[in-house]
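Here's the structure, in structure tokens; my notes come after.
Any read-out appearing in this document is the output of simple, stated calculations on the displayed coordinates, not a laboratory observation. Not measured: the values here are computed from a predicted model. Neighbour counts run over all protein chains shown; Cβ positions are idealised from the backbone, glycine included.
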Amino acid sequence: MTSVAAFQTRSTVAHRQASTRARERPAAVSPFSRSTPTSARRLHTRASATQEPAATLKKLTKDWQIDFCSRPLRDDRGKKVWELLVTDDERSFEHAEYFPNNRINSVELARALERVMASKGEKPRRFKFFRAQMQTIITRACTEVDVEALASRRCQTMTNWLDERVESVYKKHPGYDANAPPLMAFEPTAPKRLPDALRGESWAFVALPLVGVREEAEQVKRGKVFGALLDIDENLPDDTLIPGIAVYTSRALACISVDAQTSSIVLETGVNDSWSYAFFRKTPELTKEAKEWEQVKRACGGVHFLAIQTDEEAEVTDGFWILRDAPPPQY
């Protein structure tokens, strides 16, 4: 298993020196390591008030992702067309259903979700969604069908599907409105102070080649360490440098960004919550290092990671999250 400590040692001698400084000054930043750098079936179903849910549904341990929002489409009356999309994290199935704008409420959404679950004979552990403005309707509908609702930007499968549908479905629809404005943008709130119980004793800017990230991901898949994963572009070469943040803590501890103006590390959680995790000294060297970290993150499509270790000398990680800082879908 490739540990964070191992790749810090491989990167530069300066990293080893920085680890010593980190133990002396928990808030100090270790220098950032630099190195050389399906076509799926669409299902369109009509709502049916006569269709009854199955008597018993198998409860799954996996999440489904949903999106319920207007699209850049107009019906015969010139009114906006809404759409419900449902899939799972692996996109093993797809459900797409249009709604007229006079049926946009939690009751109609709950009925539609019941139909989807009945057709699958399964009930997910949670419904994840990423549109904060739809939180009230979606949460009420999920409560009605007895499934937890989770507002999260970790809906990569859904946002990728939406981007595909712009070209493959919406632009080919006779009611497509080319002048429809983008529907949303991720707008995190002003960072709040992170509770002390979630704060590590120290942290460092670090980096792993992609092959090392995949090794860590395997440990998460096998249940060896806790964490969460996202799909990574298969076309990226194994030696692509992936930036990350290593947190050293004996406590258990989300896109990560660097705010150079305030000299802080910002954790983004949920849909639009953000937290000030740590601050670093506002020196030319550290500001340059922080900007380089962000540049490398952009170079690999926003992919980065968060690693948890007990201390700087640990040979293994205790937690590992693959994260992605990506723009929202257009519609």
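Restricting attention to segment 58-168, lysine pairs at least eight places apart or on different chains and with alpha-carbon atoms under 30 angstrom apart total 13. Looking at segment 58-168, the DSSP beta bridges with both ends there are about 60 percent antiparallel. State whether segment 58-168 is rounded, prolate or oblate according to the following rule on the C-alpha gyration tensor (a ≥ b ≥ c being the square roots of its eigenvalues): a/c under 1.5 gives rounded; otherwise a/b larger than b/c gives prolate, and the remaining case gives oblate. Note, shape of segment 58-168 comes out prolate.
Working from label points 7 Å from Cα in the Cα-to-Cβ sense, the SER276 to THR262 distance is 0.5 nm.
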